[in-house]
Amino acid sequence: MPSRLSTPQQIAFGRVTTRPVQGIDANLRLNRALSRHQRTRAAHRFGASAYDARFLAAAPKIRTRLVTEHGRLRAAAPALTRLRAEALSSG
């Protein structure tokens with residue numbers, strides 16, 4: 001995996017944190033990309049926390065699946081998630 005990933009790539013690989021990414025906080029960027037309505041709707045749809053719902057709502061927008069080991073998220077949104085091993089094996 002490259003050392004410098006774009007924000008969508010970091011989201012896909014589950015590496016988005018509150019640390020600055022290329023000078024901009026990744027969580028702030030993600031919040032700006034999604035409306036409050038989109039985040040709230042995803043939280044209700046998947047029974048996820050507001051934090052987790054942001055990532056689930058972002059996945060279709062960036063045309064990728066969220067890489068997570070979080071069993072509850074995977075069960076709630078199997079079409080939007082995949083395991084790290086699956087992501088790494090598909091290249």
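The values are calculated or read from the model by the stated rules, or taken from the named source; none is laboratory data. This one's a predicted model, so the numbers in the text were calculated from it and none came from an experiment. Neighbour counts run over all protein chains shown; Cβ positions are idealised from the backbone, glycine included.
Scanning region 66-91 for residues being farther than 20 Å from ARG45 by Cα and of a type in the set (A, V, I, L, M, F, W, C) gives a total of 4. Screening VAL16 with (1) modelled with pLDDT under 85; (2) touching a Phe, Trp or Tyr at 6+ places or on another chain (Cβ under 9 Å); (3) not in a loop (DSSP other than H, G, I, E, B) gives one miss only, at (3).
What are the residues in region 62-76 that are part of a loop (DSSP other than H, G, I, E, B) and farther than 19 Å from SER35 by Cβ, if any?
THR64, ARG65, THR68, GLU69, HIS70
Assigned to a helix (DSSP H, G or I), hydrophobic (A, V, I, L, M, F, W, C), in contact with a Lys or Arg (Cβ under 7 Å, 6 or more places away or on another chain) and touching a residue at least 24 places away in the same chain (Cβ under 8 Å): is that true of ALA59 in this structure? In short, yes. Taking ARG82, is it out of contact with any Pro (no Cβ under 6 Å at 6 or more places or on another chain), among the basic types (Lys, Arg) and either at positive phi or in contact (Cβ under 8 Å) with a residue 24 or more places away in the chain (or both)? No, not satisfied.
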